[in-house]
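Chemist: Please find one structure pasted underneath; my questions will follow.
The values are calculated or read from the model by the stated rules, or taken from the named source; none is laboratory data. Bear in mind the structure is a predicted one, so any value in this text is a computation, not a measurement. Cβ placement follows ideal geometry from the backbone for every residue including glycine, while neighbour counts extend to all protein chains displayed. Note: areas computed on protein heavy atoms with side chains; ligands, DNA, RNA excluded. Shrake-Rupley method; radii C 1.70, N 1.55, O 1.52, S 1.80 Å.
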Amino acid sequence: MPVSDHQMISAWDEVLRLSQVQAGQTVSILCGPHTDPLTLRAATISAQRAGAIVTKIELPPINAEKATSRDLLNYLGETPLTGNTAAISALKNSDIVLDLMLLLFSPEQMDILDSGTKILLAVEPPEVLVRTVPTEADRQRVLAASRLLKRARTMHVTSPAGTDVTFKIGEFPTICEYGFVEEPGRWDHWPSGFLFTFANEGGSDGTIVIDRGDILLPQKNYVSDKVTLKVSEGFVRSIEGGIDADLLREFMAAYKDPEAYAMSHIGWGMQPRCYWHTLSLYDRERTIAMDARAFEGNFLFSLGPNNEAGGKRKTACHLDIPLRNCTVRVDDTIVVRDGKVIDEAFQ
Ligand SMILES: O=c1ccc(O)c[nH]1
Ligand SMILES: [Fe+2]
């Protein structure tokens, strides 16, 4: 449904308040030709209402000839910021960057964060942003779950569809996403409400079954027949199933990069204001499908890069695959049972 300027500005007011934007601070808004004009206009007005000094940086797009779709997450690593020393220095000298372009998994993003700049990613359509305005309660709940994940050494995931996979964890940090950036050097994504870590290098073994109705991203489709991944020593060794498996194999092979098959982040969704069905109601090119990633009770695993967490893999191929109805054990504690988050586990 259309969103009014008033509603979008109010949503940004709340997100900037939660992100502790103060009068006199520098807010840089990173955008591109695909940036939603209402999101951009509202973010600009809201930052000015907060008394911030606002800069807009628009960058020309790249990677069109390399990606096989228009999804912003289809081709990662190089971004329009790569090599742009003028823009990078402006962003490193900002208190907060509102990323309406998408820098995810880019070395430049890490470089800007290391300077103490905060980065908040927001590229979903206005009505999704307005529906998922973050809350302090979201933050508390995700942080509570992260205290368990941070000290864990194994994650074991099973499902009635046949998933039975074990991940050794602990080599990489736990990343919390709850939709705002209250501390210097922090990155977050609005909408969100989930957490993850990265599997230890070579430490993933077992079978993952993507069941009928589970979601592939960036494909943004509900798979029609089971897709079975055999995982050993941290890499997907086979992808079997029907047409979805064929297309997934071709998508990944197009990158000609063995790192595309490496296990990346693993975690679970905790956002009750995100829905599994929304993808069925959207033009696939209008959303990056954050509902599926943050959906409360999903098990979200991904393949490809791990530079986001300090790993050395920077492959451009990144798949996010949220599954329903899984049971997720972190060491001996069940944190998700049959697709339902067990909050008691985090007390
Ligand atoms: O918010 C996000 C979005 C995509 C991703 O791969 C990780 N976190
Ligand atoms: Fe991902």
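Chemist: To the nearest 10 degrees, how steeply does helix 5-18 sit against the main Cα axis of the chain, on a 0 to 90 scale?
Modeler: Around 80 degrees separate the two axes.
Chemist: A further question follows. Can you tell me the dipole magnitude for the stretch 18-116 around its Cα centre, using point charges on the Cβ only (Lys, Arg +1; Asp, Glu -1), in Debye to the nearest 20?
Modeler: On the way: 6 positive and 10 negative charges, 66 e Å.
Dipole size: approximately 320 debye.
Chemist: Taking the Cα of residue 114, stepping 7 Å toward and past its beta carbon, and measuring to each backbone N in the stretch 165-192: which are under 12 Å?
Modeler: none
Chemist: Also, quick follow-up: In nm, what is the difference between 0.36 nm times the number of residues separating residue 233 and residue 62 and their Cα-Cα distance?
Modeler: 58.2 nm
Chemist: Which values of log₁₀ I(q)/I(0), to two decimal places, follow from the Debye formula for the stretch 11-79 at q = 0.15, 0.25 Å⁻¹ with a uniform point scatterer at every Cα?
Modeler: Evaluating at q = 0.15, 0.25 Å⁻¹ gives log10 I(q)/I(0) of -0.59, -1.04.
Chemist: Output needed: percent of Cα pairs per 5 Å distance bin for the stretch 108-203, bins running from 0 to the one holding the longest distance.
Modeler: Percent of pairs per bin, in order: 3, 12, 17, 19, 19, 16, 10, 4, 1, 0.
Chemist: Moving on to the next point. When we measure straight from the Cα of residue 56, which lysines land under 25 angstrom away, once same-chain ones fewer than 8 places off are left out?
Modeler: Answer for residue 56, where 25 Å is the Cα cut-off: 92, 118, listed by chain and number.
Chemist: I've got another one for you. Residues of the stretch 240-347: accessible area per residue at 1.4 Å, in Å²? Walk me through the numbers on the way to the answer.
Modeler: Working: 4410 Å² over 108 residues.
Here the per-residue accessible area is 41 Å².
Chemist: When we measure straight from the Cα of residue 168, which lysines land under 29 angstrom away, once same-chain ones fewer than 8 places off are left out?
Modeler: 150, 220, 226, 230, 256, 312, 314, 340
Chemist: Here is a further query. How high is the FRET efficiency between residue 1 and residue 257 when r is their beta carbon distance and R₀ equals 51 Å, given to the nearest 0.05?
Modeler: Working: r = 40 Å, r/R0 = 0.79.
For residue 1 and residue 257, the calculated efficiency is 0.80.
Chemist: With labels modelled as points extended 7 Å from the Cα through the Cβ direction, what inter-label distance (nm, one decimal) is found for residue 224 paired with residue 284?
Modeler: So the two model labels end up 1.2 nm from each other.
Chemist: Can you compute the FRET efficiency between residue 136 and residue 23 using 1/(1 + (r/R0)^6), with r the Cβ-Cβ distance and R0 = 30 Å? Round to the nearest 0.05. If you can, show how the numbers build up before the last one.
Modeler: Values: r = 21 Å, r/R0 = 0.71.
Between residue 136 and residue 23 the formula returns 0.90.
Chemist: Quick one: what are the phi-derived ³J(HN,Hα) couplings along the stretch 241-248, Karplus 6.51/-1.76/1.60 with θ = phi - 60°, whole Hz, x for glycine and proline?
Modeler: x, x, 4, 4, 5, 4, 5, 5
Chemist: With all protein chains present, how much of the accessible area of the chain (probe radius 1.4 Å) comes from carbon and sulfur, to the nearest whole percent?
Modeler: Working: 7170 of 13750 Å².
Accessible surface attributable to carbon and sulfur in the chain totals 52 percent.
Chemist: Determine the distance separating the Cα centre of the stretch 272-307 from the Cα centre of the stretch 68-121; give it in Å without decimals.
Modeler: Here the two parts' Cα centres lie 21 Å apart.
Chemist: Taking a probe of 1.4 Å, how large is the accessible area per residue of the stretch 18-145, in Å²?
Modeler: That works out to 39 Å² per residue.
Chemist: I need the P(r) histogram for the chain: all alpha carbon pairs, bin width 10 Å from 0 out to the longest distance, whole percents.
Modeler: Pair shares across the bins are 6, 27, 36, 24, 8, 0.
Chemist: Would you work out which of 152, 204, 110 lies farthest towards the positive end of the dipole of the chain, given +1 charges on the beta-carbon of Lys and Arg and -1 on that of Asp and Glu, about the Cα centre?
Modeler: Farthest along the dipole direction, towards plus: 152.
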